[in-house]
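For reference, the structure discussed in these notes is given below.
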Amino acid sequence: MNSELEDLYQEVLLDHAKHPRNFGEINEGGVHVHGDNPSCGDEIHLHVRFGKEGRVDELKFTGQGCAISLASASLMTVKLKGKTAAEAAEFSRAFREIVTTEVPDAAPALGDLRVFSGVRRFPQRVKCAVLPWAAMEQALRQTNGEATVSTETDSGGS
Ligand code: ZN
């Protein structure tokens, strides 16, 4: 990756960390998943409301943590809003792949999410990037109620 592209990626990431999109809570119904990443101290509270045929109608988060975890959560909410459950699961799988594996021409459909491809050089930060996605995977599994996930017990999204 050339350094200009890397600078651009850095900018996108910092922008989302400083000004997280879809930051807040959903009051009525939906799923509420707490995500913990004890190795860094990141905490994400993800709120998802599913609509017809499991579509992600609303997706918001609150929490605190490092720039990587916040930017990942912010970009994820932007990306997954309005998607079907199957599409959301596929994004999650592709995201885990780019943060752990060297994929040439990483899935163009990932768009801005590709800013996280550099994270794989920093194994400790992979958990930060994956945290919101682990919470989302849990939300997809249960579609209502509350749950807690932790990167320490993360099964890898199977
Ligand atoms: Zn972190």
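The values are calculated or read from the model by the stated rules, or taken from the named source; none is laboratory data. No experiment lies behind these values; they were computed from the predicted model shown. FYI the Cβ positions are ideal-geometry reconstructions off the backbone, even for glycines, and counts take in every protein chain you see. The area values use the complete protein model at the heavy-atom level, side chains included, leaving out ligands, DNA and RNA. Shrake-Rupley method; radii C 1.70, N 1.55, O 1.52, S 1.80 Å.
Numbers below:
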{"item": "Of the criteria (1) open to solvent by less than 20 Å² (accessible area, probe 1.4 Å); (2) at pLDDT 95 or above; (3) more than 17 Å from Leu140 (Cβ to Cβ), which one Gly63 fails", "result": "(1)"}
{"item": "Unmet criterion (only one of (1) modelled with pLDDT under 95; (2) open to solvent by 40 Å² or more (accessible area, probe 1.4 Å)) for Gly51", "result": "(2)"}
{"item": "Scope region 92-103; condition surrounded by fewer than 21 Cβ atoms within 10 Å (Cβ to Cβ) and farther than 18 Å from Asn37 by Cβ; matching residues", "result": "Arg93, Ala94, Glu97, Thr101, Glu102, Val103"}
{"item": "Residue tally, condition within 17 Å of Glu90 (Cα to Cα) and open to solvent by less than 10 Å² (accessible area, probe 1.4 Å), over region 111-129", "result": "3"}
{"item": "Segments classed as helices (runs of 4 or more DSSP H), wholly inside region 2-106, with at least 1 members that are of a type in the set (Gly, Ala, Ser) and either more than 16 Å from the chain's Cα centre (by Cα) or within 16 Å of the ligand (Cβ to nearest atom) (or both)", "result": "3-18, 67-80"}
